[in-house]
Each structure stands twice: as C-alpha cells, then as structure tokens.
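So the structure is just underneath, and the comments pick up after that.
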C-alpha cells in the first residue's frame, strides 16, 4: 500500500474519528495520510493508526505531501517531518504517546475511590489548562490521583499519577478502572501513555483499555501544555 494525496477524507473531522474509534471502528488500513482541520481544544495533532495517519492541523495538504516520501507509511511519525510541522505551526512537537481506549463502564475494585479538590497538585493544574469539565479523584488513603476531562477533539481523557512509594501495588490499575466509571456508560475514554512508561502501560491495559495507535500533539493554542498518563 502507498500513501497518496487528494480526494475527500474517508473519516471526516477528528471528533467524528474518535467517536467511531471508541465504538471499535478504526480508520481503514489503506495506507492513506489524511489532512483535516485543527480539532477542538488546544492542540493540533498527528495520529498514527495501522497503515493510516491523520494530521489535524492548520496546514495545507499540499505542504504536507511535499514533505512526505510516497509509499513510506511511517513517514508522518519520523522526527524530520514532526520537526518540520512544528516549525510550520511555530510550536515544538510534544512527546510520542501510545493511545488507548476503553468504554465508560468497569467493575468496582477493592480500592475506595473518592472525589478530590487537589487544586494545588501540578498534574491537576496542568490538566485544567487544556481540558474542560475536569473531574479529580483518588484513593481514600491519598496514595494516588487521577483526572478525567474533555481533551483533544472533545474526547474524554484520563491521566493518573501514583505516589512513588505505592507504585507496583495495582493502585494505578484501580485508578484507571475508576476513571471508566466517571464518564457516561458506553462513552469512550482515552488514555495517552509514553511508550517507555512500562508501569503505566501495564496498569492501563490491566484496567481494560486497548491500544489503538499513537499520536504527537502540537500545543498551538497559548496557555496549554502536554500531559500523558503516568503511574
């Protein structure tokens, strides 16, 4: 398969894409690279799925194609292209994240989860700079904290942080599972995890999330910052 320009997009805008993905409908593995308008929220983004890439950014399709090697399915995620796109958008690319999804339901765990204010916690402060409708929660013993809110393309997103002394205790898994109960039933919930963060990947997979692709954010709207799920 090769990546070819031109024609209307097969998936539509990014908000619709994630709504479909959350219900199990991934973009077709057709080798295409789509360029769609900037999504709602603070970030432009490059999203890589199996043999299909979507670039949602304030950039012309022709410019994108001039920087990609025809037939190279991995070209949109290569460092050279991401640096070029960052220069074009006047913002450095963020980190590469694995993206995972689960639905808004999960069985209860043995960990007691309670709402929290935690306004002074750095993770919460960062979340509120670029997510809306943020909910903050944690375990009753104060060993870990999580945030759920509307992020990229208005999708529900979760991020979790566990105190160092309590990692590898399944608390991260329980917090990710709890987040699934904080969004409407059957509503998709997304998590972004750095590929090198094996602890978080294990926790989020154990909580019933499934991997769907990878993405790099470009925080083009001032006053916002990147946040990945971590344990």
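Some points to look at:
- Among the residues of this structure, residue 87 counts as one that is on the phi < 0 side of the Ramachandran plot, surrounded by fewer than 14 Cβ atoms within 10 Å (Cβ to Cβ) and modelled with pLDDT of 95 or more.
- Checking every residue in the range 50-58 against the condition of being modelled with pLDDT under 95, out of contact with any strand residue (DSSP E or B) (no Cβ under 6 Å at 6 or more places or on another chain) and more than 22 Å from residue 212 (Cβ to Cβ) gives at least one match.
- If the condition is being at pLDDT 65 or above and surrounded by fewer than 12 Cβ atoms within 10 Å (Cβ to Cβ), then the range 115-131 contributes 115, 117, 122.
- From 153, 159, 141, 108, residue being surrounded by 16 or more Cβ atoms within 10 Å (Cβ to Cβ) and either at pLDDT below 90 or part of a helix (DSSP H, G or I) (or both): 153
- Here residue 97 passes the criteria (1) modelled with pLDDT of 95 or more; (2) exposed (fewer than 15 other Cβ atoms within 10 Å of the Cβ); (3) not in a helix (DSSP H, G or I) except the one numbered (2).
Here is a yes/no grid of residues against (1) surrounded by fewer than 18 Cβ atoms within 10 Å (Cβ to Cβ); (2) assigned by TED's automatic domain parsing to the domain that holds residue 160; (3) over 19 Å from residue 131 (Cβ atoms):
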{"residue": "185", "(1), (2), (3)": "yes, yes, yes"}
{"residue": "190", "(1), (2), (3)": "no, yes, no"}
{"residue": "203", "(1), (2), (3)": "no, yes, yes"}
{"residue": "221", "(1), (2), (3)": "yes, no, no"}
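The values are calculated or read from the model by the stated rules, or taken from the named source; none is laboratory data. These numbers were taken from a predicted model, which means no experiment stands behind them. We place every Cβ from the backbone using ideal geometry, glycine too, and count neighbours over all the protein chains shown.
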